[in-house]
Each structure stands twice: as C-alpha cells, then as structure tokens.
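Okay, so here's the structure we're looking at.
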C-alpha cells in the first residue's frame, strides 16, 4: 500500500506542477481576466471588481462570445491529459472518456464543452498515432465538470493500469455565461397531414424526385395506402391489404421504416415489403424485425427495439428485459462504442432515464406512454417530445423537454390536441409524426411536429 | 491395671459417650429440620420470582402492543412504506416512546429487520436485528429473555415483540425492561436469605454480571463454577458455598437457570440461604454437650474415685492382711465393719487367720515335742554307744584285778586306752551339738562364688585321690559371668563343704561329683550333683530336718546347717533326686540378701525351729 | 456519493432560492425600518475580542457572528467568496505577494467617534497577526511578510481580522453597522443600530442577543415570536421544520473529523487508522446524527468550497476494514473521545463505534470532560502538550473562510497540534487558489489517515415569521444589517 501511495503522490505532484504551469500559461495567455477575478492585479488596483467599469462587461461578453472559456478550458484539459498519457507511452492511444456534470451548468453547455474536449483529445490522439503505431494499454478517463464557490473546475482522472493521475483546469465563475435557461427554448410547430376514420399507425413521405409531386404512405392496421398531393389535398392513389393470419393485438402498432431493401411496414410478428409502384403492393410474412425508434436519416445511430408478445410494448438489449411503450435518445453517444442517454416510457406510467446501463438513473412521473426525440444531425441535445399522462378518453398534449442534471426541463409550450395521441414516431430530421384521435369527430388526424429554435 | 483405676476410667467414659450420642443426635435432627425449612423458603422464592417474571412479561406484552397499535406507529409504518422514504426521520422516536411507556429498551425495525429507531442504542440505526425476522408468531410467544446490545455492552432484557403489518411489509416493535438487580427488589426475602442475579452476557464468567439487590456481590468468583455447571447443562442446582473458614458463613445456593428463546442460558437466579443460624444452633448444642460432658466427666471422676475408694479400701485391707499372714504374722487382722460382701469377706479372712494361728501354735507345739523326743532319742543313741564299751571295760578291769592279777597291768593299760578313746568320742558328740547351737550370723562382703567353689574342691582334692578311698572324679561347670554377690564366705564355704561331704558319703564306691554355677534371676545358682544311690521322695522331704540322717554315722545336723546358712543369706536350697541316679542340691543366692539390716530377725525367724536347742545350749 | 454532495449543493441553493422567493411573496414590498431583532443562541460568548478564544467551537462561531455586527474588515467576500472592498477601497501587491498596500476608505469614524486611522488599523491587525509587519503609509496600510501571502485578501476578510479598538473596559468598539450597548458576558448582549454606518444604517434599530438558551427555550421563543433568530442543532432542523418553524440551512460550514492523538501508541499503526476510516459509514452518520442536514465528508473541504471533494471516494468497505483490522495484532482497543457537552459528537462517536465493531475493530467511545486535555477543539489546541485520554477524538473544525486555501490551512494548523503530522503537510502553499495544489495537499493529508473526515455540517438557523430579506452567505455569514422585520406580523 504505502510504496504505491508514495509513487502515486509523486506522480500526482509532477502532473500537478506541470498542470499548474499550464493553467497559469493558459489563463495569462487566453483568459487575461481570470487573474483580475482572483485578485485585483496591480494595474487594476484602483479599480476593484466591486464596481466594474461600464466598459468591462461588454468586453467580457465579447471575449466569451469569441471563444467560450468553458470549451477552451476543456480543450486545455484534453491537451494536458494527452500530453501526460502520451508522454508516459510511445504508441497508439485509445481514449474512451466518461463525462460527468457535477456543476450547476446545463447539460447543453456541458455537452458542448465535452464535445470540445473530445475533438481536442482526438487531435492529440492523431498526433500520437503519427508518433508511433504501437498499441498500448488503453487509458480510462473520467472527465468531470465541477464547481466551487468561485470557479468551475474541469477535472480529469486518468487511470492507466495501476497509475492514476488527476488534472485540473479552472475557469472563473464570472467568465462562464451562466444562464438559468439551460438551453435555447424552442417553439413546436404542428403541420397537419390528413385525417381519416381509419386508424393511422404511421406515415412517411416517399423519397421522390424533386420534380414529381410528393406522395405519402399511410400505414393502417389492415392496409397500406399511398396518397399523392393534388390541389393541396391528399388524394388516395392506391392501397394494398396487409395479409396477416393471426389477429392483431387490440392496441396494434405499426411502423413504416426504410430498410436496406426498400420500404418496410413492421407489425407485431409480421413484416411487409412494400413496393411503392402502381399498383402499390405489400408482401407480408411472419417475422420480428427491429422497430425504428430513432430517425431514419441518422445512419450512424439507430435504435431498433423488438416488439414484445403483447404487441404494444418493446424490449431493447441496452435496457435488459424491461418492457417499455416507447424509447428515445436525448443525445448521441459522446464516443463510438459509448451508449447514448435514453428515455423510455414504462408501463407503470414513469419515464426512466438510462445512462449507459440498464439501471435507470432518474425517473419522471406524469408523462404519457409516448416519447419521441426531435433528432438532429447538427444540434444536441435532442429535444424530447412527450405526451401527457391520461387515458384515451381525454384530450392530450405534447411538450418538448430538455434533461438537465437528470431532471426534465420544459423547453416549449404545450401543443394541445382534440384527443389522445395514438402514435408518436420520430420520422425525419427535426420531425416527429403525431397521430391523434379527435374525440369530437372520431377521426384520426396525423401531424408532423417540428421544433423552431428561438435564436 | 488395678480395679480402682478400671473403675476410675470406665465410669467417666460411659458418661461422656452418653452425652456425645445425645449431642450428635440433636444436631443431626436440627440440621434436617433447618434444611427442610430452607428448601421450603427457596421454593417459595423461586415460585415468587417466576410469578413476578410472568406478571412483568404480561405488562411488557401489553405495553408493546399498545405502542404497536398506536396511531403514531401506524403512521410510521405507512410512511415507511412509501417509496424513497428516509427512515432516519424516526431515528429519535424510540427514546420518547420508551420514556412514555417506561420501557428500558425499545426498538422499531423495518420489514427487513433493520433498526429504524433504537432507544437503548440509537447509534445502531440501520443495522439489522436478524432475530426479529425468524419465523415466529410473536404475539403468541409473549415476553421472553433476550440479550440486548447497548453502547455499554450487552444487557439482559425481558422483551416482547409486536408486528404491525402494513401493505405486506412489517414494522417490528421490540420493547422490554432490563432484568437486573432492580428486578430482584420485587422479591420479598425472609431473613437469612438473599437472591442474586447473574446475567450471562460474556463468554466467560464475569463478577460484574452478578448482582444482588444492594449492589455487587463480594467474592463473586466463588460462584463461577456453579455458573459453569449451568452453562454445561442448564437445570436447577443446589450447592453450598464456603465463603470463609468459619462454617457459620456458609451459604446454600439454589440456582434457577433463566433461558432464552432457543434454550440458551441467559441468566441464573441464585437463591442463597445462609447457614448462619443453623451453624450457631449446632454450635450451641455442641458446646452444651461439651459442658454437660465436662461436668458429667468431673462428677464421674469424683464418683468413681469415691466409689473406687469405698469399694477397694476393705479389699486393700484384706490384701495387706493377707500379705502380713504371708510374711508370717499369723495374728494379722482386718478392721472392716461394713455389712456387705466385703465385710463378710473380711470376717472370713479374720476367722481364717485366727484358725491359721491356732493351728500353727498347735503344730509348733507338736513339732517341739517331736523335736525334743528326737533330740532325746538321738542324744540317748549318741551317748549310749560310747557308754556301753565304758561299762564293759570297767567290768573287765574289775574282773582282771580279782582274777588275773598278773595280767592286770596289761589289761589295765588296755582298758584305760579304750576308756580315753570313748570319752574323746563323747566329747566330739557334745562339741558337734554345741557347734550347731553356736551358728554365727553371716557377715556380708563381696564374694566370687566360683572362686569359693574352686577352693572347696581344692580342699577335698587329696581325699579324692587318697589310696584306699573310693575313686571320685570332679567336674566343674562354672559360669564365668557370675555376678559378685554379697555373702559370708566362711559360712557358705562350710555349707558347701558339708554338701560335698554328703556327696562323698553318698558315693562309697566312687563316682562323679559335679559342681555347677550359673547366673540366675539376678543372683547365683549353685548345683552340686553326685552319682550316688539317690534318695526317695520322703527322704528328700525330711532331708533338712535337723538330726535326720540317712547315714550310719552322723548327727544329721549337716544339711540343717547348710539350710540355715542358705536361708540366712535369703537364698533357697532344694534337692532333686531319683533313687539310683544320684542327687542334686540346688542353691539359689541373691546378689544382695534382702533387708540386710533385719538379717538378725530374719536369722532369728529362720532359726525358730532350732530355737529351743539354742536356748538350751545357752 | 458524489451525487449526494452535488445534490446537497443544488438543494441548498434551491432552499435559498425558495427563501428568496417565499418571503417577499408573503410581504411583497420594500424594506421598512425599525424594530429590534431578538436572537437566541445556545452558545455563551464571554468576550467579543477575537484575541480571546472561546470555550467551544459553537461559542467561537457565535463570537464571530456578534463581532461582525460591531466591526468591519478591510476586505469582505461576496456570495461567491470573491474579495470586495470594505474598509479598504483598493489594494496592491507586489509580484511575490509579500507586500500588500491597502488604501483605506475615507471619512470613517469608530462608533465612539474616534477617528478611523491607518494607525488604528495597523494596531488592530498587528495584534492578531504577529507574523506580519503592519505599517502605515499616508492614507494606506502596508502589510509585509517574509513568506508570501497570496491569500491575504481572504485572510483579512476573516472575522478575527476585524478592525476594532480595544477599550480597557473589555468593550469592543468597531466601525460596524451595530454598536454594543449592553454586554453581560456569556448571557446577554444588546446592540443598537449605528446611524452613521458608512455602508448605510441597518434597517432594524437594535439587536437583542440572549446567550446560553437551551434547545427548548429557543424553540418556544421562536414559536411564540419571542425570538426572531435562533440557532438550531442540525439534527433538530427537520423536527422543527415539521413544527412550522422557518429553517435556513447554509452550505456545510463545519467539518466533523476524527483526529488521532499524537501521543496514542495504539493508533501509530496506519492500518488501524485506515481500517477505521473504511469502516465508517458516513452517509448513515448524516442520515442519523445530522438528520440529513449535512453531507458525508469525503475530504476535509466540502464540495462547494473545493469543488473536488467528489474525487475522494470514502464508500465504506467493511470487508477491507475487517481484513486490515485482522492483520493488527494484538487487536488494539481504541478510545474514541468526544465532547461530553455535545450531543451530536456523542451520537457520531457512538455510531462510529458501531461501524467499527461491525468491522471487527475494538473501540469504545468515551466522553471527554471539559477540563480534560483537549476537552474541546480549542482546548485541544491549547492543551495539546498534555497527554490526552483518548487515541482518537472527534474534532469540530469550523471553516474560517470560504476560500479553500485559507480554510484548509486553518484546518491543518488546528489538527497539526493534535495529530502526528509531517510538517511538510502544514507548510503554506505557493498558490492556495490553485485547485491542483490544494487537491494534492489534501490528498496527502487524507492518505495519512491521521485525520478522518466524517461529516460536513451546515449552520442551521430558525427564523420567526416576521424576519425578511434573510440572505446569509452560503457559508453561514449573517447579514443582519440587511434584514428587516415585517410589522404586519408583529
């Protein structure tokens, strides 16, 4: 025990002395105001921070807009980590950082800064690759964003075999543009598609050539219909029956999703290949395919749970044997191989948050049984759409949430519907299909929901 | 051992034995009685304890059920059922609830047995009380003994458990009271008895765990073996503890094991009854017995002494009288005037001595007459022998003068020679008689008997070898370790000479003379044996009678002289003989003759038979 | 573990937010002047002079609270612990932090109308800091030291560095918002608003402080409105809140730690200390002894102050503790001392005993009477020389400053007098504001196991319904000049 501790302490001291110089260098070079924040320096002696001059504030803002100090600090931390790990070894380095936000900053800013760390570490990594190609023991890195009274602290704990090193980079609190509104709030826009008396399980635009009119596939329990837009109205072109031997579950769900071999309709225990020519045809056969709970456009990241026996719940390997109604990812995995944070609507009425393990880290009561993310290739985290908790006798509404410190924060107002939501599927980028059964008319109405970010 | 001593010892012995038997008997009886009383008291206390125990148990059960059934406990149970609840909010409840219900111990435990609130050890919050989870119908079990952990170490409690099931999960309420010396104070103990409680909480016996009502117990370690026995095999034990050398401090303990739910020994109730009163009573009895015994002994000694004196004084008078008679005082009388057997015996004795004196008187007179006759006869005989030739010679002389004048001168000369010879013979006879009469008293001085014997034989040596004399050989067997004795050598020399002469006379045809000396009985024995014709029994009996002889010549005074010399020396002479096989004289002489001073009287007395002669000679 | 501490932080800030919002909601208007605040304290402050140490930690804290009413410091700290001008309007230092110059605020008078001069400041500071050379230069005060003083601003913001005049009558005269009018040591103190206070007259006219009040008296007074502010034992906070008392909880301001006595032969073996540390379940200490008003102490400094406390993992590991304990032969029986007069220490000591025994460590808790060596933390510092009757004792270490560097320095100074510390561990840091240096120092200290952090305890205060604008600093500092009394509820 003792010798190891001595070695460890020595190692830490070395690392810290290096880190300390790096930090001061960083702070003097990039963040000159950091000094002013810790104690008033000689040139600002007659101008204590108690009453900052009117010019000072915009300067800070301007600085912070130019280069977010949190990201800068994260990059600095990445460099320190790579430098020490790289110095310790000659060869290829595999780094799988694990990020934890212990600060009062929103996960939005946190995720962004994590991205910065990730980019930086990857660049450093490449440099190391160039140096050598020898494979070495991978280092596990825990990156935490913590805070004390004055500063935000980036802390990296690098564990490589027996040795562990800890690196700090601190950012003065006042330098971080801290907003109580954690992420830019959004406005949800609802686009009506069509309504019909038949239940609508899913709908999808067929990718068509630019000049041709857009056509829409509507999936119903017993048939699939192809609509084309004529005079701003959807007109039925053709339809094909869904052949199934066993009766559907009472709460039947279906999903249109694009597979490698063209468009597919997935039912509990039945898979139909759809040929969208004229006439439209659907060749169905028994089978269990994965249901696409992510958006088709995200090739790199898909969620494909499988339907349970009862037909309206699903299971997903990452969640063990737990059954859920619906599943959504709120952010992409921070690195390849890592798992994305997931929200699942459970049969007991709670929505559970999973962070890379099958054990929920948080549970949100009061949500409905349908959640879907407004997936985006460019913007994270992905806003989460959730229905309200009620049964199908009551009108429903949809609201967008952000998960901050594992707590749901509403980032939009509610969109009310005249009836319950019967289907909620993530479709295209920033697009979710919502099907509601209008309690007044009894018609099933399909909408596309999109988020407009207020910036 | 004399009769007096026998009586003197026997009587007190009997008295003491009797007192001892009574004392022991009373002691044993008392002890049994005491033990019976003790046993009954002990049983009473044990049953009282068990009653008290049961009552307390019922109270505890009621109290615990009250707590478990209270609104507050129900709220706690419901609240604890809610999801993500924090039980620490109830951490302090047990203390207040316990003080309300006057419990020493109180714990609330959740469905998994983990402590929600503990009065006796609040710090054990969250730890599990696994024993609560055992499959037991707590309500049916009632109160039971249980080891209760507290910060100050385990304690013994009388505990009851109540279970409050809410929505399938239980809230356990375990409460009770401390079982310690205060519990003992509820017992009412008769004087001389005490109750101790040992709580078996440590692996080994600890004196701290043993307490009496009034605090710790002195020398508690002495009771450790009893506890060990209980640990090996729980059961009721009775044992006596000796606290000090003084048996009065002994205490009899009755042990009642206090067992836990799974029959493990959690405590022991000691009911001790002091043997003090018993031992004091026993001692009283013993000392009384000793006192009575002592007095009886003293009285016994006095009585027995008095009785012994009373009974034995006449007897000893008789003995003295008998001794006087034995020493020749034939006139001895015993002065006893009682009318009992002893008196009769004394009378008979006096009568006997009287008769003996008369008979002796008579005997002496007859003997004196006989002696005179014998003397006259002997004298006549001795004197007649020379007188006859005198007469003849004188007649011859007269005749010769008348008839044979010529030859008268010749005849006259011959006749006067014969006359002179016979007169000389008469002179000799008379000389002998006067010698016997003039027997001197012995003058004692140290004498080597062997030397004297050799002297005598040397004196007779020429005669043994003289020609014409019978051939006699001598043999001397002399013990060289002879003591030197006090004696008169002249008299003894003469006496032994006489005996040797007798022996020679007894062997006219020669033979063997044997002289033998030996130490005998502190003195000297001298034996002189011949191989002569021997003597008959009558001859032996009459041998020492004066003037008795078996020889043709002789006055018969020789052996009488020998006997008088020997008796003058306080010795004894005896003769053994068989006709035809010789005779042996045996002389036993003391080293120092008894009462030398009274040798006169002894001499006189011993010479009484010859007295008339001496007197006559004088 | 780390989640709890961060949750702690958020809940506290939420609580403040709630107080912020809740109070004006009930009386949504601008502050009104007048009224007298009555404060019930359990502590008995015998003197306001910081030079005179108080009997117990609680008394010490109370002394600070009261002294803050009377006297100001050159520098004060804002709610983020950043230095702000107070009696000094500006300051300069040289590159090595060995020479600091403070320009004093003009036109200030002491409460007895005597002028506020650099000399008085120098005297006041020099008295409390013999290690410094405090001089005067025109309207400035110069603080010099051979060793660098990078954290001087935070040090000067400590209450003990209040600028005050010591009167022969043991009366303290300062420049603060209130002036002392009545002083009965250990029993009663009355303060009147300082109408000429340089930072504006306080809203209330006066403050009536009653000391040595029992828990019961304090609660009754709060309920009946006879007291406006009363300190509350953390483990009572939840109960009192459930009875409708308004409770204000600060961030953890005090560290309860286990310190091994230097003289203890039984604790010489590091495995003994390590085993004990591994055996202790700190979370349950907080649940039980503090009734969740506090946080498990994973390091000496709380997360809110250092920001890296979560790096110290102190999850109980009974198996390892048992293994370590089994290696020690013969098994030592440790004596764990706690202050006889402090129920919380007693509770914690007993809980530690239970934890330790569960891990096979033989230990027993014993009360340390006030007159025994190291009866209290302060006595511990005074009487460290005498041989204590314990192997380890529970020590209450109040945070002297929100600045982690200063607080850690003061912790180590106190503990070093009790425990067997390598001098290098108490040497001043080059840059106390540098988290890496702080972390490495704290890690080194914690790894000696000479001191075992137990819990971080907040300061809990009960408030009457009429108290408004109660906005204490996260580390417990009261701003009594800012609060006002709602006449409506009088």
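Read-outs: derived from the displayed coordinates by stated rules, not from any lab. Every value quoted in this text rests on a predicted model; they were computed, and no experiment measured them. Cβ coordinates were reconstructed from backbone atoms using ideal geometry, including for glycine residues, and neighbour counts include every protein chain displayed.
Let me know the whole percent of all Cα-Cα pairs from chain B that are separated by more than 32 Å. Value for chain B: 73 percent of Cα pairs lie more than 32 Å apart. On alpha-carbon atoms, Rg over Rh for the range B:407-466 using Kirkwood Rh? Answer for the range B:407-466: 1.28.
The value given for chain C is a Kirkwood hydrodynamic radius of 23.4 Å, derived from the mean inverse Cα-Cα separation.
Quotient of the Cα radius of gyration of the range C:253-349 and 2.2 N^0.38 Å, N being its number of residues: 1.15.
Summarising the label geometry, the points placed 7 Å from Cα in the beta-carbon direction at residue B:112 and residue C:127 lie 5.8 nm from one another. The three principal axes of the C-alpha atoms in the range A:293-339 carry coordinate ranges of 34, 22, 14 Å, sorted with the longest axis first. Once the Cα atoms are used to define both axes, helix B:71-81 deviates from the longest principal axis of chain B by about 80 degrees.
Overall form of the range C:154-290: oblate. Here a/c, set by the Cα gyration tensor axes a ≥ b ≥ c, is 1.5 or more, and a/b is not larger than b/c.
Just check the range A:223-337 against the gyration tensor rule for me: Cα atoms, a ≥ b ≥ c as the square roots of the eigenvalues, rounded for a/c under 1.5, and otherwise prolate or oblate depending on whether a/b exceeds b/c. Oblate. Peptides C:276-289, B:490-503 ordered by packing proxy, namely the average of other Cβ atoms within 10 Å per residue, highest first: C:276-289, B:490-503. Taking each residue as 0.36 nm, the span from residue B:306 to residue B:276 lengthens on full extension beyond its C-alpha to C-alpha distance by 6.4 nm. Label-to-label distance for residue A:453 and residue B:185 is 8.0 nm, based on points extended 7 Å past Cα in the beta-carbon direction. Note on the range C:117-227: Cα convex hull, mean projected area over all directions, 9.7 nm².
Peptide C:148-154 is shielded by partner chain Cβ atoms: per residue, an average of 1 of them sit within 10 Å of its Cβ. With one equal scatterer per alpha carbon and no solvent term, the Debye-computed log10 I(q)/I(0) for the range A:344-455 at 0.19, 0.22 1/Å reads -1.01, -1.28. A Förster radius of 60 Å combined with the Cβ-Cβ distance from residue B:48 to residue A:348 puts the calculated FRET efficiency at roughly 0.45. Compute the angle between helix C:435-448 and the longest alpha-carbon principal axis of chain C, please, reported from 0 to 90 degrees and rounded to the nearest 10. So the inclination is approximately 40 degrees.
Is the range A:351-416 best put as rounded, prolate or oblate by its Cα gyration tensor, with a ≥ b ≥ c the root eigenvalues, rounded for a/c under 1.5, and otherwise prolate when a/b is larger than b/c, oblate when not? The shape class here is oblate. Extending 7 Å from Cα along the Cβ direction at residue A:392 and again at residue A:308 yields two label points whose distance is 1.8 nm.
Once you reduce the range A:248-317 and the range A:381-448 to the center of their Cα atoms, the two points are 21 Å from each other. In whole percents, the pair-distance distribution calculated for the range B:64-148 from its alpha-carbon pairs, binned every 5 Å from zero, is 3, 14, 24, 28, 22, 8, 1, 0.
Sorting B:188-198, C:126-136, A:425-435 by average packing, meaning the other beta carbons within 10 Å per residue, from highest down gives A:425-435, B:188-198, C:126-136. Rg and Dmax of the protein assembly as shown, both derived from C-alpha coordinates alone, stand at 69.4, 255 Å.
The angle separating the long axis of helix B:3-69 from the principal Cα axis of greatest extent in chain B is about 10 degrees.
Once C-alpha pairs closer than 8 Å and six or more residues apart are averaged by separation and normalised to the residue number of the range A:335-455, the relative contact order reads 16 percent. Ranked by the mean number of other Cβ atoms within 10 Å per residue, highest first, peptides B:230-239, B:86-95 order as B:86-95, B:230-239. Along its three principal directions, the equivalent ellipsoid of the range A:234-275 from the Cα gyration tensor extends over semi-axes of 19, 15, 10 Å, largest first. Neighbouring Cβ atoms from other chains, within 10 Å of the Cβ of residues in C:273-282, number 0 on average. Each 5 Å bin from zero holds the following percent of Cα-Cα pairs in the range B:127-227: 2, 10, 17, 19, 16, 12, 10, 7, 4, 2, 1, 0. Note on the range C:432-483: Cα-Cα pairs beyond 16 Å make up 63% of the total pair count.
Computed over the range B:224-325, the alpha-carbon pair-distance distribution with 10 angstrom bins reads 13, 21, 15, 12, 10, 9, 8, 6, 3, 1, 0, each value a whole percent. Measuring between their Cα centroids, the range C:29-80 and the range B:446-512 lie 153 Å from each other. Sequence-distant contacts, meaning Cα pairs under 8 Å at least 6 residues apart, place the relative contact order of chain C at 21 percent. Each of C:369, C:250, B:316, C:90 was scored by other Cβ atoms within 10 Å of its Cβ. Arranged with the fewest first, they read C:369, B:316, C:90, C:250. Please work out the Cα center distance from the range C:398-439 to the range C:187-202, rounded to the nearest Å. Between the Cα centre of the range C:398-439 and that of the range C:187-202, the gap is 35 Å. Here the extension length gained between residue B:428 and residue B:299 equals 38.6 nm, from 0.36 nm per residue of separation less the Cα-Cα distance. Look at the alpha carbon pairs under 8 Å that are at least 6 residues apart: their mean separation over the length of chain B gives a relative contact order of 9 percent. The mean number of Cβ atoms from other chains found within 10 Å of a Cβ in peptide A:142-148 is 6, as a whole number. Please report, to two decimal places, log10 I(q)/I(0) for the range B:438-498 at q = 0.18 Å⁻¹ as given by the Debye formula with identical point scatterers on the Cα atoms and no solvent. Values, matching the q order: -0.73.
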